[in-house]
1. Taking V24 as meeting all but one of (1) farther than 26 Å from L202 by Cα; (2) surrounded by fewer than 17 Cβ atoms within 10 Å (Cβ to Cβ), write down the number of the exception.
2. Taking the stretch 200-219 on its own, how many of its residues are open to solvent by 40 Å² or more (accessible area, probe 1.4 Å) and touching a helix residue (DSSP H, G or I) at 6+ places or on another chain (Cβ under 7 Å)?
3. State yes or no: is Q32 more than 27 Å from Y253 (Cβ to Cβ) and exposed (fewer than 15 other Cβ atoms within 10 Å of the Cβ)?
4. For a quick check of your reading: which helices (runs of 4 or more DSSP H) sit entirely within the stretch 166-252 and have at least 3 residues that are modelled with pLDDT of 95 or more and more than 18 Å from A146 (Cβ to Cβ)?
5. So in the stretch 337-377, with the set limited to residues that are assigned to a helix (DSSP H, G or I) and of a type in the set (G, A, S), which one is most open to solvent (accessible area, probe 1.4 Å)?
6. Got a number for residues in the stretch 226-267 being open to solvent by less than 20 Å² (accessible area, probe 1.4 Å), among the hydrophobic types (A, V, I, L, M, F, W, C) and touching a Leu at 6+ places or on another chain (Cβ under 7 Å)?
7. With respect to V303, is the statement that it is out of contact with any Cys (no Cβ under 6 Å at 6 or more places or on another chain), buried (at least 17 other Cβ atoms within 10 Å of the Cβ) and part of a loop (DSSP other than H, G, I, E, B) true?
8. Would you confirm whether or not the stretch 256-275 contains a residue that is among the hydroxyl-bearing types (S, T, Y) and closer than 27 Å to Q337 by Cα?
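The values are calculated or read from the model by the stated rules, or taken from the named source; none is laboratory data. Worth saying up front: this structure is predicted, and the values here are computed from it rather than measured. Don't worry about glycine lacking a Cβ; one is built from the backbone with ideal geometry, like all the others, and counts go over all protein chains shown. The area values use the complete protein model at the heavy-atom level, side chains included, leaving out ligands, DNA and RNA. Shrake-Rupley method; radii C 1.70, N 1.55, O 1.52, S 1.80 Å.
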Amino acid sequence: MPAAERYIGLMSGTSMDGIDAVLVDFSNAQPQLIAHCHLAMPTDLGAELKRLCQPGPNELHRLATTDRLFAEYAAQAVYELLRRSGHQPSAITAIGSHGQTVRHMPDVATPYTVQLGDPSTLAALTGIAVVADFRRKDVALGGQGAPLVPAFHNALFRDQLAKGSCAAVLNLGGIANITVIDTASDEVLGFDTGPANTLLDLWYQLQHPDAATDYDPNGEFAASGKVDAELLRQMMTDDYIQQTAPKSTGREYFNHEWLMAQLERLSAWQPADIQATLAEFTAASVAKGLTEAAPKALTQVFVAGGGAFNGDLMQRLAAHYPDAEWRSVARLGVDPQHLEAMAFAWLARQFQLRQPGNVPSVTGASRASILGGLYLP
């Protein structure tokens, strides 16, 4: 019986709605998800994180303070995960912490990326070694620093795909990212296609400030509207959508200001029609990305992230890319809500094994590299 290799993965994405924590055992060929939990983002912390995505006053102090506060919040998620699983900190090899991205600027003159969640604080509070700061090594090697999950997708799913087939994994979080795996070769391709839930959630919240949820349940509001063809065409001409890979993006680009700039060009509109058009924009930009990334026609697209539960969005995606079979990653044995957090548990393990965590064909880095740094308790 192999010794247990238990790692915790922590992921807080572009939506900034909370942190996902998973406990994974990698001692067998197929990773085993032992436990999971989701901790909602505290209102004040979430608001400050969103403010830090844009330039503002006294940024250095606010960033340093929020860095510590986010680490304390992440530690709470670890405590809850250990409570649910019945494990002690000593049973965990390491935590893989993505942190919360507040600035991601890989294409400026001096590229940089910023994730908050002080790993020293997290290690001290949990008593567990932390592997963090995954993106900056890839950026230092000329890469985008994102997306990083394609390496995990390839390691986890390639052997489950039919020989000679070409399939994609699509993560629909705040931003949509794709991984294309051609089993006829060793090549892995992928990039951020554009927004997934970020703009959909933003618009829904603006129109439904008192709703029980901060997202459009099953895409019902979007389904009640009609797509504005001219607005959709305008959105699809956006510089990022037209940019060739490698590329990555986030809330610092697709945000309230971006959306308002799009709407300023309209003479009149209905709220539900904007929601429908944003959903169509997500579907169209994903389909464009799949067409550009796939070396040949895709046979299957496996979907993860919160968007996998949006029936209206899933219908739009299938309509824009009808030749592939659209399925949840659950068909590959992984809950769509936990795939990203599992990826950061895997990246922590890759660091411990001194194995590469990036895919240069995805990020554009000059070479494959061990990602992250180790912070001991």
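1. It is condition (2) that V24 fails.
2. Matching residues across the stretch 200-219 total 4.
3. Yes.
4. Here the list reads 198-207, 220-223, 229-236.
5. S361
6. Total meeting the criteria: 3.
7. Working: out of contact with any Cys (no Cβ under 6 Å at 6 or more places or on another chain): yes; buried (at least 17 other Cβ atoms within 10 Å of the Cβ): yes; part of a loop (DSSP other than H, G, I, E, B): no.
Here the answer is no, as V303 does not meet what is asked.
8. no
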